[in-house]
Amino acid sequence: MRVPENATPERAAEGHKARKPPVGSRTPQPGLLPLQSTVGNSAVVQMVRRAGPSTGTQDGHRHGADCGRPPAGRPVQRTAASGAGAGTVVQRAGGHAQGEHIFNALDDLAVKCGTALSDRVHKRIEDVEANRAGLTNSQKVSAPVTMWNVDVHVRSLREAASRANELRDNDRFRAASRGEPMNANGEDPNSIRYGQFTTTVRQILRTCGTPQWNDGAALLALRDDLIATVTDQTARRVKRDEDLPQSARADFDTWYDTTEAQMTALFTEIIGISRAVHTALVATVHAAFGFPEGETVPDRYHAM
């Protein structure tokens, strides 16, 4: 039901039957966005690089299907290096039973994020259709167009993710006999970095369609430091210079360079779909919740 043209945003929210947020829906997390606005995107990237395990919002990262690194085998025995600085550790025994993967599973993260974004737009289109009787002709046309554009990005993202997975999971080159040493707490620094990275990406994507969205600037900042986050460079060096015969190193270099380029291309696809989803959500928010075009929509509706 539409509300009067002169209704305030607050009365508009009361005057029509606005849908409640879906169960389990989430509004943008407060911790990251104020930091972005205060110190900028570069500071957010540095936070991801330096931060250790956190409580609450961080996705706990353990070796498994999500990261492309195998489940832990025998525990790695490590000891402080004699005469070394505080926190320095050295590897004493074998690590994971299948070795240390050189690339983390960015393809898995991309597919999950793409699906979540697509589902959000599909739900918005359902809201628009439920309110179809009160729509203008332009609103009736814009919803299918924005959905089509998002679907194009979803297909492109999935193709890029499939290619990245195929490259990353190369049987010959994917894993080294050892990777980056554990820290003084027995934690894998690469897993910590990647866990922080995935949490940050998801937080940024939740701002699609909201006033907090910044046209993907925060994602672009993460892309600048992407390879240091999604790879174990120690494992790369060990695989090339120690595990492989010299005759195989040229092929390894080609594989690594190709996979690295595909990972960057895949993250660019994530940026592309996030922008398309933001555009779709902004274009349909009035029609979905019964607000007249040009009227200010309360912030809480943007996150639905």
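No lab work stands behind these numbers, since they all come straight from the coordinates. Because the structure is predicted, anything quoted here is derived from the model rather than measured. With ideal geometry, Cβ positions are generated from the backbone for all residues, glycine too; neighbour counts draw on all protein chains shown.
Structure notes:
- Distance between modelled label sites at SER247 and ALA217, nm, 7 Å Cα→Cβ extension: 5.5 nm
- Among ASP232, ASP215, the order by Cβ neighbours within 10 angstrom, fewest to most, reads ASP215, ASP232.
- Here LYS123 is the anchor, and the aspartates and glutamates within straight C-alpha reach of less than 14 Å, apart from those fewer than 8 places off in the same chain, are ASP151.
- Label point distance in nm, ARG275-ASP171, each placed 7 Å from Cα along Cα→Cβ: 4.0 nm
- With N counted as the residues of region 210-304, its alpha-carbon radius of gyration over 2.2 N^0.38 Å works out to 1.73.
- The residues ASP251, ASP107, when put in order of fewest to most other Cβ atoms within 10 Å, stand as ASP251, ASP107.
- Pairwise FRET efficiency - GLN233 versus GLU159, Cβ, R0 = 41 Å, nearest 0.05: 0.90
- Gyration tensor verdict on region 144-212 (Cα atoms; rounded if a/c is under 1.5, prolate if a/b is larger than b/c, oblate otherwise): oblate
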